[in-house]
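The values are calculated or read from the model by the stated rules, or taken from the named source; none is laboratory data. The shown structure was predicted, so the numbers you read here are calculated from the model rather than taken from an experiment. In this analysis, Cβ positions are derived from the backbone assuming ideal geometry, glycine residues included, and neighbour counts consider all displayed protein chains. For accessibility, only protein heavy atoms count, side chains too; no ligands or nucleic acids. Shrake-Rupley method; radii C 1.70, N 1.55, O 1.52, S 1.80 Å.
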Amino acid sequence: MVQEMARDFAEKYIRPYVMEWDEAQFFPIDIFKQMGEMGLMGILVPEEYGGSGFGYQEYVTAIVEVSKVCGSIGLSLAAHNSLCTGHILTFGNEDQKNRWLPKLASAEWIGAWGLTEANTGSDALRMNTTAVLDGDEYVINGSKTWITHGKSGDIAVVMVRTGEKGRAGGISAIVIEKGSPGFTHGKKENKLGMRASETTELIFDNCRVPKENLLGIEGEGFKQAMKVLDGGRISIAALALGIAQGAFLAAVDYAKERHQFGQPIASFQGISFKLADMATEIEAAELLIKNAADRKNRGLSVVKQSSMAKYYASEVAVRCATEAVQIFGGYGYTKDFPVEKYYRDSKLCTIGEGTSEIQKIVIAREILK
Ligand SMILES: Cc1cc2nc3c(=O)[nH]c(=O)nc-3n(C[C@H](O)[C@H](O)[C@H](O)COP(=O)(O)OP(=O)(O)OC[C@H]3O[C@@H](n4cnc5c(N)ncnc54)[C@H](O)[C@@H]3O)c2cc1C
C-alpha cells in the first residue's frame, strides 16, 4: 500500500517538474506539505504523536519509490524523517515529543539536523560550535555547513560542544526553533546534484535557546548522533537504491528501443552484460537494506548492517547511473534524457551521512572487535 501510494504520488506530482526544479535549484516545499498529509513525513512516528506508526520496511519502501523519480526529494524526505524527527523521537522526553513531533509528522514544520561544520566533516568530534549555559538558556556560537533544509527548516537538532573539544562526552544535542534570537542561515550551496534539496549553512551568533531544549543529558549528544546515523544510513541506502533502480529502468527501456547496426543495442552482449551486472547489484543492495531494516525493526544493533547497506547501495547507485549514461550514449550526456540527473544525484550517496571510506572504517571496526 505504501509502495503504491508513494509511487503514484511521485509519478503524478514530482516527475513532471523534476528538471525544472533541478535547473532552478528550487526546493518544492509544497510537495513536502502534501507528503505530510499522506503520512510520509512522520512515517516512523507513532500515531499518538501524529505519525503513521510504520516500521523501517515501509519507510525504505517510500524512499525508494520517491527516489526512483527524484533523488532530491528522496534525500529531503530521508533527512526530515531519519535525522531531525528521528533524533527527537529517539531521545526526546515526553514533553519534547508532544511539542515537536506532531508538527514534524504533519510537515507543518520541516526539520533540519546539524552535525557537520566547515572544518569537521568525517571528524565531527572536533566540532567548534559551542553552547554555554547562562541562567535558564544555552548561548550558542558557531556555524554548521551542508545542512539540508538549513533555510526552509522550521526546527533543527544541532550538535554543539558543551565540554572538552575532541571528546565524545563534550558534545550535546539541542533543538533550535526558527526565529530563536541569534539563529540565521548562511549561503545556499550550488550543487552538482540533489539540486532540489536545499543545502545551506546554519549560523549561531549568541543564539539563545531555553535549556529545556536539550535532548537527553549534557554530554550525550555525540552518542545520540551516531545512533541517529545508524538509522539514517538505512534511508540513504534506500535513496541510493531508488536512484540505481531509476537509472536501470531507463537504461533497459532505451536499450530495447535504440537501434544500431540494424538491431536493438540490448542485443549486443556488451550492453546486456551491463544490464545483468546492474540488475544483480541492485538486488544485492535491496537485500542488504531489507536486512538492516528488519534488524532495526527488531531492536537489534544495525551499526554494521546499516553501514554495509549504505556503502554498497551508494556505490551501486554511482555504478548504475554511470553505466546508464554509457548505454544512452551521447543522449545520456544531455538534459533531454533522465540519466544525466541520476548520474549527478548518485554521487551524494557516497558522501552524505558518512563517506564510503567512513562506512568501511565502521564495518572494519565492527568485524574486528
Ligand atoms: C548535499 C549534502 C547534504 C548534507 N546534509 C547534511 C545535513 O543535513 N546535516 C549534516 O550534519 N551534514 C550534512 N552533510 C554533510 C556530510 O555528512 C559531509 O559532507 C560528510 O560527512 C563528509 O564530510 P566532509 O564533506 O567534511 O568531508 P571530509 O571529512 O573532509 O572528507 C574528505 C575525504 O577524506 C576522506 N576521509 C576523511 N577521513 C578519513 C579517514 N579517517 N580515513 C579515510 N578517508 C577519510 C573522506 O572519505 C573523503 O573522501 C551534507 C552533505 C551534502 C553534500
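Here are some notes:
- Considered as a group, the residues in region 88-112 that are in contact with a strand residue (DSSP E or B) (Cβ under 6 Å, 6 or more places away or on another chain) and assigned to a helix (DSSP H, G or I) include one that is surrounded by the most Cβ atoms within 10 Å (Cβ to Cβ), and that residue is LEU104.
- In region 218-236, the residues that are touching a residue at least 24 places away in the same chain (Cβ under 8 Å) and more than 16 Å from THR129 (Cα to Cα): LYS223, GLN224, LYS227, VAL228, LEU229, ASP230, GLY231, GLY232, ARG233, ILE234, SER235, ILE236
- Residue within region 113-127 that is touching a Leu at 6+ places or on another chain (Cβ under 7 Å) and buried (at least 21 other Cβ atoms within 10 Å of the Cβ) present: yes
- Scanning region 157-211 for residues that are of a type in the set (S, T, N, Q) and within 14 Å of the ligand (Cβ to nearest atom) turns up ASN190, SER197, THR199, THR200.
- First in region 259-270 and open to solvent by less than 60 Å² (accessible area, probe 1.4 Å), second anywhere and not hydroxyl-bearing (Ser, Thr, Tyr), Cβ under 6 Å, 6 or more apart: PRO264/LYS256; ILE265/ALA255; ILE265/ARG258; ILE265/ILE271; ALA266/ALA255; ALA266/LYS256
- When residues of region 136-152 are limited to those that are open to solvent by 40 Å² or more (accessible area, probe 1.4 Å) and more than 30 Å from GLY74 (Cβ to Cβ), the one nearest to the ligand (Cβ to nearest atom): ASN141
- Count of residues meeting criterion [away from the ligand (no atom under 16 Å from the Cβ) and either at pLDDT below 95 or not small (Gly, Ala, Ser) (or both)] in region 97-129: 8
- Failed item, numbered, when ILE363 is tested on (1) within 17 Å of GLY246 (Cα to Cα); (2) within 15 Å of the ligand (Cβ to nearest atom); (3) in contact with a Lys or Arg (Cβ under 7 Å, 6 or more places away or on another chain); (4) of a type in the set (A, V, I, L, M): (1)
- Among the residues of region 285-325, the ones that are in a helix (DSSP H, G or I), open to solvent by 10 Å² or more (accessible area, probe 1.4 Å) and closer than 29 Å to ALA225 by Cβ come to 17 in all.
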